[in-house]
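Worksheet for the structure shown next.
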Amino acid sequence: MGWFWADSTPTAPHPLPASGSASPPPGCPMHQKDPAPPAPMPTPSPESACPYKPGEAPPAKESPSYVSKLNPLNYMPSNISNKQESSDQAVSLPLERENSTIPRGDGTGNWEYPSPQQMYNAMLRKGYTDTPAEHVESMVAVHNFLNEGAWEEIKDWERRFSRGLGAGWEVCRRGEEGAARQAALDALRNGGADVEPKLMRFMGRPQEPTPKARMLSFMAKVYPSAFPDNPPFDRHDWYVQRQMSDGSTKEVRYVIDYYSGPPEPTGEPVFYLDVRPAVDGPTSACERMMRWGGDVWYRASGGSVREELARQKAASARS
């Protein structure tokens, strides 16, 4: 930027002559009596026009998002190494991975749990830098134990409803105790040859409470004496391949809330799970109502007493 200064007595750079008969130069267009009209400017053809148009700049290349770099089967980083990555790691962690009892959806065996070293590397990548490395091995053991328990709960749901709502109600109307006895009898009859479900993929969603967890948290604020204020510390969504009775398959989403309970007198921690099908449609809603309503009706109507009387009557008839 420059500054412009005005003189107090301006003078023309080329002063006019004193004689008034002076005529302008013959080539000066401003003093011609009949100046010729200027020739029109040629209109540029569309081909020769400037190709640039404001607002049509090519879009900038977008860098891939963090989610796109995750493994779609478990929403974890795809390239978690099984070796020490952080210089702050004070202890060496085991590198061995444990096989689970959970079949993979692609038919390539069972899912493998991460090694303690992989778990620690994954936690560092997610920003949990305050976790002591010496505690990770115990955390992996608890992690594996809870996942095995969650899978057993899912298998129980699948045993009830993989053959349809009608067969599921025949199990649920006998309550949880009767369903457990029926499952044990079925296992003895078929030798445990039932076709198990498979886990297609899963993802952790600890920052997204389920509707049930939000409702229980609200009730804890309204009725603290009846509902403890104990929100789940984690949430998982598991996508399971259900084996139908006709040989077809169906994907079912399960939601799992992980809760911690009061520790044992020995100081050991206590955890419990709330596993149920996600309400993604009327079928899953009916399954949840049947299991809850069947158990409530069985206990409220004295189902255990009726079954005990029926057993005594059958025993007396045989004798």
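Is it fair to say N147 is surrounded by 16 or more Cβ atoms within 10 Å (Cβ to Cβ), touching a Phe, Trp or Tyr at 6+ places or on another chain (Cβ under 8 Å), polar (S, T, N, Q) and touching a residue at least 24 places away in the same chain (Cβ under 8 Å)?
Here the answer is yes, as N147 does meet what is asked.
Residue by residue through segment 244-281, note down the ones that are part of a strand (DSSP E or B) and open to solvent by 90 Å² or more (accessible area, probe 1.4 Å). Quick ask: steps written out before the conclusion?
First, pick out the residues of segment 244-281 that are part of a strand (DSSP E or B): 249-261, 270-277.
Answer for segment 244-281, where residues must be part of a strand (DSSP E or B) and open to solvent by 90 Å² or more (accessible area, probe 1.4 Å): E251, Y272.
Condition first: out of contact with any Cys (no Cβ under 7 Å at 6 or more places or on another chain), open to solvent by 40 Å² or more (accessible area, probe 1.4 Å) and either more than 29 Å from S301 (Cβ to Cβ) or among the aliphatic types (A, V, I, L, M) (or both). Can you find one or more residues in segment 158-177 that meet it?
Taking every residue of segment 158-177 in turn, none turns out to be out of contact with any Cys (no Cβ under 7 Å at 6 or more places or on another chain), open to solvent by 40 Å² or more (accessible area, probe 1.4 Å) and either more than 29 Å from S301 (Cβ to Cβ) or among the aliphatic types (A, V, I, L, M) (or both).
Which residue, of A310, A220, A226, is in a loop (DSSP other than H, G, I, E, B) and more than 24 Å from W151 (Cβ to Cβ)?
Just one listed residue meets the conditions, A226.
Any idea which of R291, R299 is assigned to a helix (DSSP H, G or I), within 24 Å of K155 (Cβ to Cβ) and modelled with pLDDT under 90?
Details: R291 fails: modelled with pLDDT under 90.
So the residue among R291, R299 that is assigned to a helix (DSSP H, G or I), within 24 Å of K155 (Cβ to Cβ) and modelled with pLDDT under 90 is R299.
Could you tell me whether Q241 is within 21 Å of the chain's Cα centre (by Cα) and exposed (fewer than 10 other Cβ atoms within 10 Å of the Cβ)?
no
Can we say R201 is open to solvent by 60 Å² or more (accessible area, probe 1.4 Å), within 22 Å of N147 (Cα to Cα) and either in contact (Cβ under 8 Å) with a residue 40 or more places away in the chain or outside any strand (DSSP E or B) (or both)?
When the stated conditions are applied, R201 passes them.
The values are calculated or read from the model by the stated rules, or taken from the named source; none is laboratory data. As the structure is a prediction and not an experimental result, all values here were calculated from the model. Backbone-built Cβ (ideal geometry, glycine too); neighbour counts: all protein chains shown. Note: accessible area is taken over every heavy atom of the protein model, side chains too, but ligands, DNA and RNA are not part of it. Shrake-Rupley method; radii C 1.70, N 1.55, O 1.52, S 1.80 Å.
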